[in-house]
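Asker: Take this structure first; my questions come after.
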Amino acid sequence: MADDPAGPISTAAAERPGRPDRPRLAGGLGSPVTRAVAITAGALLGWQFIGAPVFEFLPAPSEIVQVLVDRAASLWSATVSTGSVAVLGFVIGCTLAIILALMSLVHPSVEHAVLRLGLALYAVPLIVVAPIFVLWLGVGSARPRVALSALAVFFGVLVNAVRGLRAVDRNRVEFLRVVSASPLQTLRYLRVPSALPYLINGFKVAAPATVFGAVVGEWVGANEGLGVVLLYSLFQYQVDILWTAMILTTVVALAGYGIFGLAEKVLIPWHESVKTSRLES
């Protein structure tokens with residue numbers, strides 16, 4: 001008699017009456033998405049019926065939704081203003097950081113000087129330097145806000161870029177020298193792929209930071225943006241508008257983080273951090 005192809009596992013399962021094996025569905029009650037939705041719904045219900053009645057300066061989610069409906073046009077305009085400034089500052093700050101990181105490859109002394117410059121700029125609080133930028137670049141214009149956004153992302157991207165460009169296998173560097181590869185070819189085929197995971201990680205951290213820089217710039221010298229809405233609603237004790245603007249600012253910051261989180265999975269699926277996160281999920 002031929003052996004059962006299903007083996008002892010199917011035999012043991014058949015001997016357990018009343019407990020048939022069922023395939024586990026990816027979208028079942030135990031899935032991460034379902035749990036996240038359940039937790040969010042529970043938090044909103046608790047906020048609506050427990051938190052808002054107990055705490056005086058905590059508006060209910062229904063009130064925030066009402067503000068979003070009533071002030072949709074003005075809030076959308078403020079969100080676009082803050083988002084556009086943040087994007088422009090992000091591009092400028094990251095570009096300058098990458099250029100300086102490339103310059104640091106010339107010599108270790110240049111690398112130390114670049115990192116010290118970045119650390120000196122990072123040590124200055126944005127709220128302190130913001131009025132100076134407004135005086136230099138003009139009150140009411142977008143230039144101070146863009147400069148603050150760029151400054152907010154500069155150091156994090158610089159450190160990750162320098163570290164990534166240096167994090168190469170010395171054996172591969174020696175091999176490229178043996179085959180007479182030019183410095184540009186070494187940069188293209190070895191250093192840039194090595195730096196890509198570090199750069200994307202820096203971008204993920206910089207995306208929320210650039211929104212913070214834009215909001216700080218709006219606090220000290222702007223006529224539009226979510227920072228202006230936050231400031232005016234605070235002074236006028238409009239708590240529902242204050243919370244709505246805060247939530248919109250958070251959503252914009254998280255959107256930037258999420259974009260680079262997706263880019264990480266697309267551009268570097270081979271990297272250990274991406275593979276580990278997939279296994280954990």
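The values are calculated or read from the model by the stated rules, or taken from the named source; none is laboratory data. On a predicted model such as this, the values are computed, not experimentally measured, just so you know. Counting neighbours? That spans all protein chains shown, and the Cβs are built from the backbone with ideal geometry, glycine included. Side chains included, ligands, DNA and RNA excluded: accessible areas come from the protein's heavy atoms. Shrake-Rupley method; radii C 1.70, N 1.55, O 1.52, S 1.80 Å.
Asker: Among the residues of the stretch 112-162, write down those that are surrounded by fewer than 15 Cβ atoms within 10 Å (Cβ to Cβ) and within 14 Å of Leu96 (Cβ to Cβ).
Answerer: Those that are surrounded by fewer than 15 Cβ atoms within 10 Å (Cβ to Cβ) and within 14 Å of Leu96 (Cβ to Cβ): Leu117, Leu121.
Asker: Considering only residues that are buried (at least 16 other Cβ atoms within 10 Å of the Cβ), in contact (Cβ under 8 Å) with a residue 12 or more places away in the chain and either farther than 23 Å from Gly202 by Cβ or of a type in the set (Gly, Ala, Ser) (or both), which ones fall in the stretch 163-184?
Answerer: Gly164, Leu176
Asker: Scan the stretch 257-271 for residues that are open to solvent by less than 40 Å² (accessible area, probe 1.4 Å), of a type in the set (A, V, I, L, M, F, W, C) and either at pLDDT 90 or above or assigned to a helix (DSSP H, G or I) (or both) and jot them down.
Answerer: Initially, the stretch 257-271 is screened for residues open to solvent by less than 40 Å² (accessible area, probe 1.4 Å), giving 258, 261, 263-264, 268.
Of the ones still in play, those that are also of a type in the set (A, V, I, L, M, F, W, C) are 263, 268.
Ala263, the sole residue that qualifies.
Asker: Right, here's the next one. With respect to Pro197, is the statement that it is part of a loop (DSSP other than H, G, I, E, B) and either farther than 17 Å from Ile127 by Cα or at pLDDT 95 or above (or both) true?
Answerer: Here the answer is no, as Pro197 does not meet what is asked.
Asker: Turning to a different aspect of this structure: Out of all the residues in the stretch 203-256, which are outside any helix (DSSP H, G or I), in contact (Cβ under 8 Å) with a residue 24 or more places away in the chain and surrounded by fewer than 23 Cβ atoms within 10 Å (Cβ to Cβ)?
Answerer: Passing the criteria: Asn223, Glu224.
Asker: Consider Ser62 carefully, then state whether it is at pLDDT 50 or above, more than 30 Å from Leu234 (Cβ to Cβ) and either small (Gly, Ala, Ser) or touching a helix residue (DSSP H, G or I) at 6+ places or on another chain (Cβ under 9 Å) (or both). Walk me through how you get there before you give the answer.
Answerer: On the way: at pLDDT 50 or above: yes; more than 30 Å from Leu234 (Cβ to Cβ): no; either small (Gly, Ala, Ser) or touching a helix residue (DSSP H, G or I) at 6+ places or on another chain (Cβ under 9 Å) (or both): yes.
In short, no.
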